[in-house]
1. Step by step: first the residues of region 49-96, then only those that are acidic (D, E) and surrounded by 13 or more Cβ atoms within 10 Å (Cβ to Cβ), then the one that is farthest from T37 (Cα to Cα). Which residue is that?
2. Report every pair of residues separated by at least 6 positions or lying on different chains whose Cβ atoms are under 7 Å apart, first residue within region 61-89 and over 15 Å from E48 (Cβ atoms), second part of a helix (DSSP H, G or I) and among the aliphatic types (A, V, I, L, M).
3. In the chain, which strands (runs of 3 or more DSSP E) lie fully inside it and hold 1 or more residues that are under 13 Å from the mean Cα position of the chain (by Cα) and modelled with pLDDT of 95 or more?
4. Go through region 17-48 and give me each residue that's touching a helix residue (DSSP H, G or I) at 6+ places or on another chain (Cβ under 8 Å), farther than 13 Å from P86 by Cβ and surrounded by fewer than 16 Cβ atoms within 10 Å (Cβ to Cβ).
Amino acid sequence: MAKWRQWGTSPRTIKITNMADLNSRLPENVPGVFYVTNQCTDCGMCPELAPTVFKRNDDQGYSVVFHQPESETERQAADEAAASCPTDAIGNDGAG
């Protein structure tokens, strides 16, 4: 079931779809609520949408979370990347 989220007074609403399985979290992710799983196909979408949170691991062929969001802007960008992920490989464990 999809969830919809709106931030503050922003007119922008983002659809949050099925999320990634925490048990498939890649070990290269930094600890925290956001993570990328082994379902990542390295499409490059998440580093493009949230470059301060996600980076590509060119050697391995996938992206990971290298920095957890600290500001509302970073969190919104990470949520947008998760909602845009074509393989639902970005997760948010909901804490924080």
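1. First, pick out the residues of region 49-96 that are acidic (D, E): 58-59, 70, 72, 74, 79-80, 88, 93.
Checking which are surrounded by 13 or more Cβ atoms within 10 Å (Cβ to Cβ) leaves us with 74, 79-80, 88, 93.
Values: E74: 20, D79: 15, E80: 17, D88: 9, D93: 12 Å.
Per the criteria, the residue is E74.
2. Partner pairs satisfying both residue conditions: P69/A78.
3. On the way: elements: 3-6, 13-16, 34-36, 54-57, 62-65, 90-92.
Qualifying strands (runs of 3 or more DSSP E): 34-36, 54-57, 62-65, 90-92.
4. The one that is touching a helix residue (DSSP H, G or I) at 6+ places or on another chain (Cβ under 8 Å), farther than 13 Å from P86 by Cβ and surrounded by fewer than 16 Cβ atoms within 10 Å (Cβ to Cβ): N38.
The values are calculated or read from the model by the stated rules, or taken from the named source; none is laboratory data. Just so it is clear, the structure is predicted and the values come from calculations on it, not from any experiment. Note that each Cβ is placed from the backbone with ideal geometry, even for glycine, and that neighbours are counted across all protein chains shown.
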